[in-house]
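The values are calculated or read from the model by the stated rules, or taken from the named source; none is laboratory data. From a predicted model like this one, the values you see are computed outputs, not experimental measurements. So basically every Cβ, Gly included, is an ideal-geometry build from the backbone, and we count neighbours across all protein chains shown.
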Amino acid sequence: MKSLEGIIIKGIGGFYYVDTEIGIIECRARGIFRKKGMNPLVGDRVEVSTEDEITGSVDAIKPRKNELIRPAVANVTQMVAVVALESPRPNPYVLDKLIASAEFAKLRISVCFNKSDLTDDTKLAEVYASAGFDAVVTSAADNLNIDKLKALLKDEVTVFAGNSGVGKSSLLNRIMERDLFETGTVSNRTERGRHTTRHSELVQLPFGGYIIDTPGFSSFELDMIPLEMLSGLFREFDGHTNDCRFLDCRHISEPDCRVREAVLNGEISELRHESYKMLYDEIKKAKQNQF
Ligand SMILES: Nc1nc2c(ncn2[C@@H]2O[C@H](COP(=O)(O)OP(=O)(O)OP(=O)(O)O)[C@@H](O)[C@H]2O)c(=O)[nH]1
Ligand SMILES: [Mg+2]
Ligand SMILES: [Zn+2]
């Protein structure tokens with residue numbers, strides 16, 4: 001029996017694929033994890049034991065640096081939130097929710113605006129660049145700005161996240177310079193992706209770092225975030241939140257609110273503030289339903 005360390009690169013139907021110094025080992029997780037309610041995640045550093053060097057078991061999970069619930073991954077350093085500028089139409093609210101979840105996990109955040117070949121309208125990218133994010137406009141179809149994306153990925157452990165059909169797998173294939181990930185299509189009628197990627201998968205980058213392709217999603221819960229922390233997850237509100245008239249200002253409808261003033265004079269984008277208010281309401285309602 002051989003004991004090894006490795007990293008979970010994929011989990012399917014109770015099997016975990018662990019990359020080790022002797023190659024990828026297909027593992028079952030020990031029952032103890034299930035009893036503890038602990039689920040091994042893609043990105044987990046683990047100890048495995050193997051008899052035949054092909055199959056084995058996950059014996060222990062090393063302490064996590066962080067974990068995300070949606071997409072479910074561990075130990076990442078960065079999220080690249082991907083939206084399509086067109087087809088499917090970008091939904092800033094979903095994007096801002098995703099960004100807030102990454103801020104909550106204290107990840108570095110980059111935003112990728114893909115499918116620029118389908119439209120000339122890149123105003124949305126400017127909104128996020130002004131808010132303080134690394135924003136990159138790409139086209140996987142035309143191989144545009146893939147080098148810029150690569151520069152953001154170097155030496156990071158990056159999870160690609162975003163709605164189905166925005167082009168996550170297509171971009172990753174461009175980055176890897178081969179068709180590693182399966183890509184799907186977008187329905188003409190509904191403009192929805194077809195959920196082509198079914199499982200998260202971690203891949204090592206040839207130039208340093210790791211990337212994780214994940215299945216697309218559009219709705220998820222953020223009710224673990226305390227309401228009073230929410231404005232801190234909108235980074236450009238920073239520097240405006242301290243001088244409101246009320247110490248406990250929610251920055252929604254209060255008088256003499258510096259955040260709302262900054263929205264009015266254009267320092268903070270209305271789009272982002274709109275998302276903040278919607279998210280505030282959503283989390284508040286979710287918390288009320290818990291009791
Ligand atoms: N025109 C255009 N189409 C693109 C671009 N990137 C991806 N696509 C197309 O968009 C469709 C969906 O791409 P995928 O890479 O499968 O999208 P995904 O985000 O991985 O989707 P899920 O795996 O379902 O979450 C495919 O038909 C791609 O060819 C792009 O830059 N421009
Ligand atoms: Mg995909
Ligand atoms: Zn305020």
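Collect the residues in region 94-112 that are within 19 Å of PHE234 (Cβ to Cβ), within 16 Å of ligand 1 (Cβ to nearest atom) and either surrounded by 21 or more Cβ atoms within 10 Å (Cβ to Cβ) or among the polar types (S, T, N, Q) (or both), keeping them in residue-number order. Before the answer, list the steps.
Step one: filter region 94-112 for residues within 19 Å of PHE234 (Cβ to Cβ), giving 94-111.
If we keep only those that are within 16 Å of ligand 1 (Cβ to nearest atom) too, we end up with 94-95, 98, 110-111.
Residues satisfying the conditions are LEU95, LEU98, SER110, VAL111.
Can you pull out every residue in region 22-54 that is surrounded by 13 or more Cβ atoms within 10 Å (Cβ to Cβ), among the β-branched types (Val, Ile, Thr) and more than 28 Å from PHE160 (Cβ to Cβ)?
Within region 22-54, THR50 is the sole residue that qualifies.
Among the numbered criteria (1) at pLDDT 95 or above; (2) under 21 Å from LEU68 (Cα atoms); (3) of a type outside the set (D, E, K, R), which single criterion is violated by ILE146?
Among (1) at pLDDT 95 or above; (2) under 21 Å from LEU68 (Cα atoms); (3) of a type outside the set (D, E, K, R), the lone unmet condition for ILE146 is (2).
Of all residues being polar (S, T, N, Q), modelled with pLDDT under 95 and within 25 Å of VAL186 (Cα to Cα) in region 201-253, which is farthest from ligand 2 (Cβ to nearest atom)? Just the residue, please.
SER219
Determine which single condition ASP155 fails, assuming it passes every other condition in (1) more than 12 Å from ligand 1 (Cβ to nearest atom); (2) part of a helix (DSSP H, G or I); (3) of a type in the set (D, E, K, R).
(2)
Of everything in region 182-199, what is within 15 Å of ILE212 (Cβ to Cβ) and either touching a Phe, Trp or Tyr at 6+ places or on another chain (Cβ under 6 Å) or crowded, with 18+ Cβ neighbours inside 10 Å (or both)? Give them in sequence order.
Matches in region 182-199: THR197 only.
If a residue has to be part of a loop (DSSP other than H, G, I, E, B), more than 9 Å from ligand 3 (Cβ to nearest atom) and crowded, with 19+ Cβ neighbours inside 10 Å to count, how many in region 250-270 make the cut?
Residues meeting the conditions: 2.
From the list PRO88, PRO71, exactly one residue is in contact with a Phe, Trp or Tyr (Cβ under 8 Å, 6 or more places away or on another chain), touching a residue at least 60 places away in the same chain (Cβ under 8 Å), assigned to a loop (DSSP other than H, G, I, E, B) and not charged (D, E, K, R). Which is it? Please lay out each step first, then the result.
Numbers: PRO88 fails: in contact with a Phe, Trp or Tyr (Cβ under 8 Å, 6 or more places away or on another chain).
Of PRO88, PRO71, the one residue that is in contact with a Phe, Trp or Tyr (Cβ under 8 Å, 6 or more places away or on another chain), touching a residue at least 60 places away in the same chain (Cβ under 8 Å), assigned to a loop (DSSP other than H, G, I, E, B) and not charged (D, E, K, R) is PRO71.
Considering every residue within region 147-167, establish whether at least one is of a type in the set (Asp, Glu), touching a residue at least 12 places away in the same chain (Cβ under 8 Å) and more than 16 Å from ligand 3 (Cβ to nearest atom).
Of the residues in region 147-167, the ones of a type in the set (Asp, Glu) are 147, 155-156.
After this cut, where a residue has to be touching a residue at least 12 places away in the same chain (Cβ under 8 Å) as well, the list is 155-156.
Applying the additional criterion that residues be more than 16 Å from ligand 3 (Cβ to nearest atom) yields 155-156.
Yes, because at least one residue in region 147-167 is of a type in the set (Asp, Glu), touching a residue at least 12 places away in the same chain (Cβ under 8 Å) and more than 16 Å from ligand 3 (Cβ to nearest atom).
Listed residues THR197, THR185; which is within 16 Å of ligand 1 (Cβ to nearest atom), in the same structural domain as ALA102 (by TED's automatic domain parsing), without any contact (Cβ under 8 Å) to a residue 24 or more places away in the chain and on the phi < 0 side of the Ramachandran plot? Spell out the reasoning first.
Details: THR197 fails: without any contact (Cβ under 8 Å) to a residue 24 or more places away in the chain.
Only one candidate qualifies: THR185.
Mind counting the residues in region 227-245 that are closer than 17 Å to ILE109 by Cβ and either surrounded by fewer than 16 Cβ atoms within 10 Å (Cβ to Cβ) or touching a residue at least 40 places away in the same chain (Cβ under 8 Å) (or both)?
Here the count works out to 9.
Look through LEU230, LEU222 and report the one residue that is under 24 Å from TYR280 (Cα atoms) and within 16 Å of ligand 3 (Cβ to nearest atom).
Details: LEU222 fails: within 16 Å of ligand 3 (Cβ to nearest atom).
Only one candidate qualifies: LEU230.
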